[in-house]
Each structure stands twice: as C-alpha cells, then as structure tokens.
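What follows is calculated from the coordinates using simple rules that are stated; it is not laboratory data. Owing to the predicted nature of the structure, the values given are computational and were not obtained by experimental measurement. No Cβ is skipped: glycine too gets one built from the backbone with ideal geometry, and neighbour counts run over all protein chains shown.
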Amino acid sequence: MVTKSTKVVSKRSIIGHGLSILLQRSTENFASVLDQSLFDVVVIGAGVVGCAVARRFTLEGARVAVLEKGTDILDGASKANSAILHTGFDAPEGSLELACIRDGYAEYQAIRDSLGLVQDNAGAYVVAWTQDELRNLESIKAKAHLKGVTDVALVDAETLGAWEPNLSRNALGAVHVPGESLIDPWSAPYVYLRQAMENGAKVFTSCEVAEGTFDGEEWRVVTTKGTLRARHVINCAGLYGDVVNRALLGAAQFEIKPRKGQFVVFDKAASDLVSAIILPVPSETTKGIVVFRTVFGNLAVGPTAEEQDSRTDASTDDETLKALIADGIAKIPALKDMPITATYAGLRPASDQKEYRVSATSEQNWITVGGIRSTGLSGALGIARHVYGLYEKMGASHDKLPDPVVPKANMLSEAGPRDWKQDGAGEVVCHCELVTRREIETALHGPLPARSLAGLKRQTRATMGRCQGFYCSARLAELTDGCFVSAMAERLSHE
Amino acid sequence: MSDVDVAIIGGGPAGLAAASALKSAGVERVVVLEREAEAGGIPRHCGHPPFGLREFNRIMTGPTYAERLVASAQTAGVEIRTLTTVVEARAQGKLRLATPTGVTELNAKRVILATGVRETPRSARLVSGARVSGVLNTGALQSMVYLKNRRPFQRPVIFGSELVAFSAILTCRHARIRPIAMIEANKHVTARWPCALFPRLAGVALHTGTRLVEILGDTKVEGVVVEDAKGQISRLECDGVILSGQFTPEAALARSGHLLVDPATGGPQVDQWGRLSDPTYFATGNVLRPVETAGWSWSEGGRTGQWVARDLAGLLPESEPSVRVSVNDHRLRFAMPQNIVLSQDVGGMRDIQLRVAQHVDGDLIAECDGKKIWGRKLRAGPEQRVLVQTHEIAAACAGRDVALRISEPAD
C-alpha cells in the first residue's frame, strides 16, 4: 500500500513539472519535434495580426506554421476591442498605420462576401460637446480629406439631432465619417487563420516559444511543445512582441507599454438608441470613449486608456465602469434605464512610440510586427500585405496559390443568417445569444477546436448575453466534457 | 387568424398554473412555450425542500414539485412545447419562435409572459477584479449540481444572504462543496429568522457588513478581497464565488419589443390584471417583480389564467381610464402593478406589491399632486413582502396619479 501511494505522488510531480522538464529536454537537444518539415515562415502569435499574416503568406504560396501560446487563438490583445473597421480618417498622416488601415479596409471589402464576413456600415459621428471641440471639427474634416477620406463632412447640431434623436441635446455638432463600420472582431480573424489552414498552414496552440537559433539559413525555434524549423520568422506576438524579440533576436528594438481599455456593454434593447458610432473629439493620447453598437446587437461604451506594466492584468474596476456608464448616459440619456449585460477589458500592445513597429532584420530572416497599438483589427489585412512586401524584399518568393480554398466565417451577427434561423437548427443552448448546440459542437470539434470557455465564447458567443451563463452554464459544462484544458465543472461520483 | 387562444411564454410554476387555470375555465387552445428541454422552471434545479405546500398540501423537493406541476398541466389538457424559444413578441400576439426544426410564427389571441427571474450576474454588479472562471450565480450552481451532477469548485465564498443564499449552502452540501464563508454587505442577514442561524449550523462563517472589493485569480478564482464595516481589508482564499440573489425579471422580450418596461421592477408595466401596454399581452409570476416564492408565483399564475379567460370572453374592463402608481423615495424599490384601471370591476390583484431598499420604520404614504391621500405605518426590511390594498388607493386617488413615499414619524 505504501509503495502504491508513493508511486502516485511521484507521478503527480512529473505532471506538475511537465512544462519545465519539456523545456529542459528541448534545450538538451533531444526535444520532441513539433513538425519534421522545413517551413518557409513561422508566425509567432495567433492574434488578429498573426492570423492575417498567416493567411497572406499561405495565399502567396509560402509554407506557414503558426505558434500560439494560448489554448485558443485571439487570447491576448485581440480578445477585446471596439469591433470597429476604421477608415483611417484620424490616423497619423504619412504613417505606416494609416497605410495599413487603408489597405486593410480595402481588402476587407474585397474578401468580405466570399468569406462570409459581416460589415455594418454604421458610419460615425465625431461629436463636439464643448465650444473648443466645435472649433476643432473643421480641422478634423480637413485632415481626413488630406488623407483621402473625402466623404467626411461637417454636420450641424440640428441635423445630428435628426439622425440621432436619442443623442443628448448637449451635442453641438459633428463630423460625419460614413465609412466607419462595425465588424465581428473574432469571426474575421478566425476565418483568416482557417483559410491559411485549409490551404496548408499548420497551427500549434498551447505552444509557447522559449528560444531559437539561426544558422544563417534556417531558424530552429524551440517551444514548449517541441522544435520547429523555418527559413523566416515573423514575430506577431502582440503584448509579448518585445519579449520574443529579446529572447530570439537578442534585442527588442522597442518596448511594449500595455494600455488597458475597459468597456461596458448594455442590453440589446439599447442598440436601437443609436445608429452610428459616436466618437469623441480625440485628444493627443487617445481616441477617447466611444459609444458603439456591435454586430451582435449590443451597445457598448469604452474604452478607457490606462497605462500599466502588466501584460496580463485585464481586470475591471467598479469606479471606472461607473464612470463609463455615466459617460454613456451623458451622451445617450435613455441609457439610464438600460441594464448592463457585460463588462470587459482589453490590453492594447502600444509601444514607446505612436506608430506601428514593423521592421525587417534581413541578416537574420526576421520580421517584427510590433506595437500594433489599437487599430490591429482594421489594419491586420493591410499589415499582412506590407509584411509580405518586406519578405519579398529579403529575396524570398513563391508562386501564388492558383485556386485557394475559401472557407466561410462563423455567422454570429444578430441581423445575419444565424444558425438558429436555419431549418433543423436543433437545440438552442444559450438562450440570450441564441447559440445552438450545433454551433457549439462545431466550435468544439472544428478545425480550430475551442479549448477554453473563452475560446468557445469567441467562436459562438455562448454565455456572452444578459444572463452571463445563469441558464446555460450547466448544459455547457456537460457539452464541453473532455474538451477544455481546464473543465468547467468536475463530475461527481454516484456514491 | 389565430393559431391558439393563449400562448404562455415560460413553463415554470406561474406559467403552468396559468395554463391549467385557462383550461379549467374552458379555454380550448392553450400552449406553453418552454425554451428548455423540460418544463418546470427554476424548481427543477432546486433539489431540496420546501416546495408544494400551498399547491399539493405536502412538502417536496423542487424537481418533484416541478414534475407534479407539469403532470397536472398536461392532465388539464395543456400543450407544452419544449425547446421552443420565443425570439420576438410583436403587436397583437404575433410571436416568432425558434424551434428545433426552424423558425415559425405563432398567432395567439392572448399572450402571457411568465418568463420568471434570474440573479444579477457579476457584470451587472460591476464587481471589480480579474475576469476568471468560477464566478457563478446560485441558479447556475444548482443546475450543475442537481441537473448535471457536477461541481464547479470545492471551496467557494457565497455573497448575499437572501433566501437563495441558503439554498446555495444546501446545494453545496449536496455536492460535498464546502463554502468557506457567507458574506453580506448589509448589517443584517436579508432572509428572516430562522435562516440567520443556518450558516452557523452548516459550519459556514457568516460576515455581515462586509463588501466584496475584488475577485483575484489568473484564469480561475484564487481568492477574494473583502472589506468589513470598520474598513479592514482582508483576503480570503477560495476557488469559487457564488453571487446569490439580486433577482431581476427576465423581461428581455418586453424590453426588446414594443411593450413598456418599468425600470423600478425591471419587469413589464402592468395593470391590476397583469395586462401590459399592448392589451393582448399579460404577465404573471416573478417576471412581474423580483422575487417571490414558487408557491406565490403559482397562485399568481392561477389567478392570471382566470383573468385572461374572462378577457377572452370580453368581460375585462378596458385599460383606460387608469392612474399610474410609482415610488418616489430611494428607500422604496418598486410598486407593482404600475397602473390601476379605474372601473366598477373590483377584480384583479387585490394588493399593490412593494419592496423596500433598506430597513424602514416610518409611515408609508400615498400622494397625489404632492398632497397626502392615504397613509399607514410601515416597518419592513429588504426583500420582505409589503402589500397595500389596491382598492384603498384606487378609492383615495380620485383619478389622479399616485406616488408612494416614506415619511419619518415626527420626533
């Protein structure tokens, strides 16, 4: 009996130290091999930028591997944002950011229908609430025109009130930006990566990069799951961009300065209160707090802009949330009677400069895609094209895929052909967001299987509605049995 | 052209009782639309007594009680459609349904909302801290334990001390979960004696006058920070958080559609027959207001069924003329019904139901145009049932809107 129990204990300790042992082994050179083949590029990080880069390189004919340290993709900066496709009307003039947003916007329009992506052409009003801000509108308009966003126009208070009758009468005027749109911030990057996968790219999740060596020809990247060989590395590690550069390249080139943004989501009934995105007149440091509908049929207010050191702390605090609610009510008075559905916070991978930090280190076959401060969702497709351009300049070239597979994105838009609207939809599991069992099973067993509730939420919206899991958590715990890295609940024995 | 006489949205105690009463009153086509796989409502996952005393003259557990309710509705000839979600409620009883076979429309002469209540989730409480797994309402915990035989944690902290918090303790015990503390922000336990004794009997430390400051953890709950009445901050190690109580009506269908909602109750605005702003719609049970027992909701449902049957026969008074009843005091949370139809018919809810937001010891007075028209002593605590006879207010108001407030007794 005694020996038996000792055995169990020692087994446990091995499991507990599995990670460090794995790391030790890999550095000791008898590492498990993640994949035998030599890839053209390895993309580090499956955030929205990594997903778009993987897609672009795959379509251009490169053999791509993607390494993601999270159990699910989009688990860092990309898990929380404003879900807006920006025109770039207010991006810094002459910046790479502006160019990428513009190209990203154009490509999104071009691929939208074939990939089944949604776009709600809500438009935006940059609203002036003070006389100072009112005086600023003319220059915001002029700058937008200079950047080629020529449909931007001034709107007086009366016209604004006619278009947005629920907006507070304190609005003094606005700049109308018709091109600003609402999109699904998760289904888009998921389908970018799925298109890469279905055309040959390999994706490894729960796979954290530890170190790497470059022998002048190829990289040998060591991860928690084994090693991988590739000719080029593209660092899309978001909040850890500088850390990865330092670990593998020896120097960071920039510092990530995480900037937290908290949001409040109001009940779906509130989404009828505005039609356009309500932007404030931006300050030097931030775009400010936005009131925006989502394609999921909610109304949200945020983000804040809070500088912090932590790359993981996406906590919310009641004082800030109350201030956001007050800000929302000041702009849309009818929000005072609307319940809160959700609160969340995201971390933007800002850097020590107000610009994307994208650079090629040719002698080491390395491209850094860092400091994608807050416009990653809008810029991703443009960034991917720009990065491929840098790659070609390094002398690499491939033959474009002649006839790439075109997958369809998850359809989670309230107004779109959701699964529950289809014949034979079956059981609705999440009642608030009308998520079907079929959608949940597809997410659990599909090409990018959900391995956490967070991942499942991003693929289906389950538990993201007003009850936040009151009704469906138990059913979800049952449906996800054996699927999640960390189970929602433990089964009780029947004794 | 209507498909059914009455469609009842929600198959809990109130909805099933209303359906049974409609059948007893001779209404032919009565259908209960239930979005879950089984009808029965919240009692389905309350695996403990006491349920059923009022309805079946015996004490039973929630699931047994739910089965009895379903069986008696079926015996009465009620059609129950499960896995059927009403996604839209439009004017004049036009419903849009999501069903396992697809989307369909249902036209009903009358619709009864019996969608119940749920606890306020973490988000709407604006709780600070990390967004981690292991933060649940009691309802979700009960479903996991009693319906799915699972436990999400082993050493949680329970927040709140309404009746449902004591149900949380019972649920934990059933699943061999050991709550490490019950924490109440107010000075006193909300549920009345003898409940206050229960945590101690169950070996759960009770801390009143203590508030949740922050939830800690990386991906799962690792602890909570609380602050006691003296401002002392402490950290409790736990692996879960149960946010109990703070019930709110599940009134999404009304709020997202054309029906008026009362911000005070969070449920639809109704008159004394439970009739909504669109008079083809009625409401009953806990969607009217947070929160009453299953037995109370069942009784309410039965009466609503009778009223709707009378309405179908053309025997209910018109919705107008009516006066509005509202609360005008931060110590009063709500008054329901919000409208009183002035008619010779003395039927409908006998009482206006009120709740106080804090302990009150004073006079409850009704005012019209700023002048007192009615008053009585009031001594009550949060979540305690406060009733004011409808006909007294109707008689005193002389056709004017009524505001209720508390007046301190003169020193």
Which condition does B:Val87 not pass, out of (1) over 20 Å from the mean Cα position of the chain (by Cα); (2) farther than 21 Å from A:Phe266 by Cα; (3) within 10 Å of chain A (Cβ to nearest Cβ), if it passes all the others? (2)
For the range A:138-213, which strands (runs of 3 or more DSSP E) that fit wholly inside it have 3 or more residues that are surrounded by 22 or more Cβ atoms within 10 Å (Cβ to Cβ)? A:173-177
Which one of these does A:Leu390 not meet: (1) under 21 Å from A:Val118 (Cα atoms); (2) more than 14 Å from chain B (Cβ to nearest Cβ); (3) out of contact with any Leu (no Cβ under 7 Å at 6 or more places or on another chain)? (1)
Does the range B:206-229 contain any residue that is under 27 Å from the mean Cα position of the chain (by Cα), more than 28 Å from A:Arg311 (Cβ to Cβ) and of a type in the set (S, T, N, Q)? yes
Testing B:Ala108 on (1) within 14 Å of chain A (Cβ to nearest Cβ); (2) assigned to a strand (DSSP E or B); (3) surrounded by 20 or more Cβ atoms within 10 Å (Cβ to Cβ), one condition comes back false. Which one is that? (1)
Within the range A:416-444, considering residues that are of a type in the set (Gly, Ala, Ser) and at the interface with chain B (Cβ under 9 Å from one of its Cβ atoms), the one surrounded by the fewest Cβ atoms within 10 Å (Cβ to Cβ): A:Gly424
With the condition kept exactly as written, say whether any residue in the range B:116-124 is within 30 Å of B:Thr61 (Cβ to Cβ), aliphatic (A, V, I, L, M) and part of a loop (DSSP other than H, G, I, E, B). no
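Among residues belonging to the range B:222-255 that are among the hydrophobic types (A, V, I, L, M, F, W, C) and closer than 26 Å to B:Val117 by Cα, point out the one that is nearest to the other protein chains (Cβ to nearest Cβ).
Of all residues in the range B:222-255, those among the hydrophobic types (A, V, I, L, M, F, W, C) come to B:224-226, B:229, B:233, B:236, B:238, B:241-243, B:247, B:251-254.
Retained after the next criterion (residues that are closer than 26 Å to B:Val117 by Cα): B:241-243, B:247, B:251-254.
Numbers: B:Val241: 13, B:Ile242: 12, B:Leu243: 10, B:Phe247: 11, B:Ala251: 9, B:Ala252: 6, B:Leu253: 10, B:Ala254: 9 Å.
Per the criteria, the residue is B:Ala252.
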Filtering the range A:454-495 down to residues that are under 21 Å from B:Asp239 (Cα atoms), surrounded by 21 or more Cβ atoms within 10 Å (Cβ to Cβ) and within 7 Å of another protein chain (Cβ to nearest Cβ) yields A:Gln468, A:Gly469, A:Phe470, A:Ser473, A:Ala474, A:Ala477, A:Met488, A:Ala489
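Counting only residues that are of a type in the set (Lys, Arg) and in a strand (DSSP E or B), how many does the range B:196-237 have?
Residues of the range B:196-237 that are of a type in the set (Lys, Arg), as a first pass: B:200, B:211, B:220, B:230, B:235.
Checking which are in a strand (DSSP E or B) leaves us with B:211, B:220, B:235.
Total meeting the criteria: 3.
Would you mind finding the one in B:Pro156, B:Pro152 that is facing chain A (nearest Cβ under 7 Å) and not polar (S, T, N, Q)? Can you show your working first?
On the way: B:Pro156 fails: facing chain A (nearest Cβ under 7 Å).
After ruling out the rest, the residue left standing is B:Pro152.
Can you tell me which residue among A:Pro407, A:Pro402 is more than 10 Å from chain B (Cβ to nearest Cβ) and without any contact (Cβ under 8 Å) to a residue 12 or more places away in the chain?
Working: A:Pro407 fails: without any contact (Cβ under 8 Å) to a residue 12 or more places away in the chain.
Only one candidate qualifies: A:Pro402.
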Of the residues in the range A:446-473, how many are touching a residue at least 12 places away in the same chain (Cβ under 8 Å) and outside any loop (DSSP other than H, G, I, E, B)? 8
